[in-house]
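Following: one structure in structure tokens, then a few remarks.
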Amino acid sequence: MKKIKLAELKDAEILAQLEDARKVIRTARFQYGVARSLENPKVITNAKKKIARLLTIQKNRELAAKPGSTKTKRYTRATRKKQALAKSNASAKKAAKGTN
């Protein structure tokens, strides 16, 4: 299924799709483990990708349901370094001010 079609599924359908994809992985791994032959090894990879897509859609819906919560903002290494430096400078000024 394409990503667009997956996004149109209902929550119950997403859970069913997840269960089916996990079942496909289990059977394919079992088949490979027992017989050491798998007709199409790409089946496992495709099922993993499908699970990841479904879980992403599920998480996005959870985040959309909570209007106040958002993802944490990610900063670059340089920005984090500047913030840490500014914080340490502020605490150093505060400590120097308190001793005078």
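The values are calculated or read from the model by the stated rules, or taken from the named source; none is laboratory data. Predicted model only: the values in this text are computed from it and were never measured. Here the Cβ positions follow ideal geometry from the backbone for every residue, glycine too, while neighbour counts run over all protein chains shown. These area figures cover heavy atoms from the full protein model, side chains too; ligands, DNA and RNA do not enter into them. Shrake-Rupley method; radii C 1.70, N 1.55, O 1.52, S 1.80 Å.
For the reader, a short list of remarks on this structure follows.
- Among the protein heavy atoms, those of Ser88 account for about 50 Å² of accessible surface (1.4 Å probe, every chain in place).
- Beyond 23 Å, the tail of the calculated P(r) for the chain holds 57 percent of the Cα pairs.
- Of the solvent-accessible surface of the chain, computed with a 1.4 Å probe and all protein chains present, 56% belongs to carbon and sulfur.
- Accessible area per residue, Å², the chain with all protein chains present, probe 1.4 Å: 88
- ³J(HN,Hα), Karplus 6.51/-1.76/1.60, whole Hz, each residue of the stretch 82-88, x for Gly, Pro: 5, 5, 5, 5, 5, 5, 5
- Within the chain, helix-based [θ] at 222 nm, where runs of 4 or more DSSP H residues each add -39,500 (n - 2.57), nearest 500: -26500 deg cm²/dmol
- Here the chain is treated with +1 on each Lys and Arg Cβ and -1 on each Asp and Glu Cβ, and its dipole about the Cα centre works out to around 860 debye.
- DSSP loop trypsin sites (Lys or Arg not before Pro) with at most 13 other Cβ within 10 Å: longest gap in the chain: 37-70
- Computed from the C-beta positions of Lys5 and Lys59 and an R0 of 25 Å, the FRET efficiency is 0.85 to the nearest 0.05.
- Long pairs among Lys49/Lys73; Lys5/Lys59; Lys23/Lys49, criterion Cα-Cα beyond 21 Å: Lys49/Lys73
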